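**Q** Okay, handing you the structure first.
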Amino acid sequence: MSQTLPMLGRSRRNRQGPAWRSLVRETTLSPSDLILPLFVCAGEGQRQPVEAMPGVVRASIDEVCAQAAVAWDLGIPAVALFPVIPDALKDPLASEASNPDGLLPDCVRALRRQLPDLVVITDVAMDPYSSDGHDGVVVDGCIDNDATLPILARMAVMQASAGAQMVAPSDMMDGRVGHIRRALDEAGYHQVGIISYCAKYASAFYGPFRQALDSQPRSGDKKTYQMDPANVREASRELAQDVAEGADVVMVKPGLPYLDVIARLRAETDLPVAAYHVSGEYAMLHAAASKGWLDYESCLLESLLCLRRAGADMIFTYGACDAARLLKSARR
Ligand code: PBG
């Protein structure tokens, strides 16, 4: 049947076939956009599975190096390290966090030796080392912001001295970016950058990560320092502070439930924006896929592409190697 009115615009013309779609695509996703988080534990030849994160392990330094080499060969430019610290080494002031001979700096040195071009990002926060499981010093049941700042600064300088090229404060204390920047500069680490967890929300999606590191808060929750999921204007204030204090990259975390926050930071700053596709987001994909309810591979690539579309320049994701392999293999 012929139509009576001419239809001038036909959106489907630009959706014909993978070759044409690739020309009109607005957003790209490449292995070079991805950062692989890795959990490092003591020992040798260790690969302990993390139950809620299929494919993710707590690995000893030799195995972390092996995983990083695979990632590097797939075109992934950076890894982010998170240490698993035994209870015996945890204390209220997270003293182990600035031990220059600790597990984390050993791992940084090993990676820098074996893969000198790989970017090594270290996490600056007390929680894996704290007997309270918090990102700040607990005094009389409250988090003492300013008592935490020198601890974070010492930790960052120690990580830089081990060879970390980027330090990533994930603690959400006020003033920490400036404090860390000054400490790094005073120690001569002008070239070491700061990826600030700028808009980090008090999210239930961090559950599997806390299981992996056994880093749950021993009392209370993180709502007095991590942001309220209800707020987005507040992210702009966090951004202004972090930019003024010298952040080199600003991050939004978690990822998919916070696309509006990513878009907002993207619009408000010219700095690179990072997104963290967190442990719970990764766990959900695998859980649904294991039941045959979702296709893990397509949903992973779609999630990461959407984070890019919202404005993320780089994405921390446990699925980085899976995504990189898929991106290499197919025209989509
Ligand atoms: C801790 C930290 C957390 C994550 C990264 N750094 C957990 C938390 O704040 O309790 C979560 C990452 C993830 O869930 O993948 N400073």
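**Q** Residue under question is K200, and the condition is that it be surrounded by 23 or more Cβ atoms within 10 Å (Cβ to Cβ) and either under 17 Å from P128 (Cβ atoms) or within 12 Å of the ligand (Cβ to nearest atom) (or both); does it hold?
**A** Yes.
**Q** Oh, and also: Being aliphatic (A, V, I, L, M), within 16 Å of the ligand (Cβ to nearest atom), at pLDDT 95 or above and in a loop (DSSP other than H, G, I, E, B) is the requirement here; does M155 meet it?
**A** No, not satisfied.
**Q** Under 18 Å from the mean Cα position of the chain (by Cα), away from the ligand (no atom under 14 Å from the Cβ) and closer than 18 Å to S196 by Cβ: is that true of A164 in this structure?
**A** Judged against the criteria, A164 is a match.
**Q** Quick check on region 214-236: of everything there that is within 12 Å of the ligand (Cβ to nearest atom) and among the polar types (S, T, N, Q), which residue is surrounded by the fewest Cβ atoms within 10 Å (Cβ to Cβ)?
**A** Among them, the one singled out is Q216.
**Q** Just give me the residues in region 55-97 being within 16 Å of the ligand (Cβ to nearest atom), charged (D, E, K, R) and either closer than 17 Å to M126 by Cβ or outside any strand (DSSP E or B) (or both), in sequence order.
**A** Within region 55-97, K90, E96 qualify.
**Q** Which count do you get for residues in region 205-241 that are over 19 Å from F82 (Cα atoms), small (G, A, S) and either touching a helix residue (DSSP H, G or I) at 6+ places or on another chain (Cβ under 6 Å) or modelled with pLDDT of 95 or more (or both)?
**A** Residues meeting the conditions: 4.
**Q** Now for a different question. Specify which of the listed residues (L265, L239, L259, L271) is surrounded by 16 or more Cβ atoms within 10 Å (Cβ to Cβ), out of contact with any Lys or Arg (no Cβ under 6 Å at 6 or more places or on another chain) and not in a helix (DSSP H, G or I).
**A** L271
**Q** Do the conditions hold for I180, that is, is it under 19 Å from D248 (Cα atoms), over 18 Å from the mean Cα position of the chain (by Cα), within 16 Å of the ligand (Cβ to nearest atom) and assigned to a helix (DSSP H, G or I)?
**A** Criteria met by I180.
The values are calculated or read from the model by the stated rules, or taken from the named source; none is laboratory data. Note that this is a predicted model, so its numbers are computed, not measured. No Cβ is skipped: glycine too gets one built from the backbone with ideal geometry, and neighbour counts run over all protein chains shown.
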